[in-house]
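A short worksheet on the structure shown next.
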Amino acid sequence: MISASDALQRLRDGNRHFVASLGTSEESLPIARSIDLPADQNPFAIVIGCSDARVPAEIVFDQGLGDLFVIRVAGNIASPSQIGSVEFAASRFGCRLVVVLGHSQCGAIRATIEELQRPAENQSRNLRAIVDRVKPAVVPLMSRNPPKDMETLMEYAVRANVSFTVAHLKHSSGVLEQLIDRDGLRIVGAEYSLETGNVDFFDADMT
């Protein structure tokens with residue numbers, strides 16, 4: 001079993017390699033290794049990431065097939081199905097690290113801000129279900145002297161949403177609470193920059 005600290009270091013190292021490979025002819029990224037198909041999965045970390053096509057966790061962290069248990073949903077939210085998926089992977093595979101991975105320019109965050117500013121009359125109830133899960137993170141920002149420009153507000157909101165999801169995972173599941181207390185599970189927040197490729201684990205020291 002890989003500890004949370006070792007798993008986090010592997011992700012840091014992989015992301016550094018990914019960033020160093022940007023703009024080069026590097027052929028050692030996971031896409032080039034994809035012909036080595038594992039018979040079983042043995043992921044060392046769980047990633048709840050956004051569905052945005054520009055943020056594939058395996059590539060961002062320079063990991064191969066079977067290395068990460070990835071849950072992708074718009075806005076990297078934690079609905080019951082996502083929480084259940086985390087519980088499954090942490091219990092079944094012994095993963096001791098969960099990363100909630102947000103990203104810059106997130107469309108789900110922008111949609112939530114726009115909905116709060118100008119409520120839509122005929123919004124899809126399915127889209128609203130996503131927006132409603134992002135709102136608790138964004139509403140406090142909007143209610144206390146929010147930045148006037150959208151881009152700064154987006155930056156704050158992306159991180160607030162990640163932190164909200166981290167807290168929700170820590171405190172809404174008895175299974176995860178037990179794994180945190182007894183088995184060293186860590187749930188951390190991170191943000192991927194579409195502009196640079198860097199991942200910032202901005203609350204990685206938290207338990």
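Worth pointing out:
- Kirkwood's formula applied to the C-alpha pairs of segment 143-207 gives a hydrodynamic radius of 13.5 angstrom.
- Cα-based shape type of segment 90-193, given that a ≥ b ≥ c are square roots of the gyration tensor eigenvalues and the cut on a/c is 1.5: prolate
- Counting neighbouring beta carbons within 10 Å and listing from fewest to most, the residues Val60, Val188 come out as Val188, Val60.
- In terms of other Cβ atoms within 10 Å, Met154, Met142, Met1 run from fewest to most in the order Met1, Met142, Met154.
- Among Leu101, Leu65, the ranking by other beta carbons within 10 Å of each residue's beta carbon, starting with the fewest, stands as Leu65, Leu101.
- Considering only Leu169, Leu141, Leu11, the mean-square fluctuation computed in a Gaussian network model of the chain, springs between alpha carbons under 10 angstrom, is largest for Leu141.
- Highest-fluctuation residue, Leu68, Leu97, Leu116 considered, GNM on the chain with Cα pairs under 10 Å: Leu116
- Paramagnetic reach from Ser21 (point 7 Å along Cα→Cβ, amide N under 12 Å) across segment 46-74: 58-65
- Total formal charge among the other residues, if their Cβ is under 10 angstrom from that of Arg159, Lys/Arg +1 and Asp/Glu -1: -4
- From the alpha carbon centroid of segment 77-93 to that of segment 115-170 is 23 Å.
- Using distinct alpha-carbon pairs, which all enter the 1/r mean, Kirkwood radius of segment 91-147 in Å: 13.4
- Stokes-Einstein D in µm²/s, Kirkwood radius over Cα pairs - the chain at 37 °C with 0.692 mPa s viscosity: 186
Every number in this text was worked out from the coordinates using simple rules, so none of it is lab data. Predicted, not measured: the structure shown is a model, and the values here were computed from it. A quick note on method: Cβ atoms are made from the backbone with ideal geometry, for glycine too, and the neighbour counts reach across all protein chains shown.
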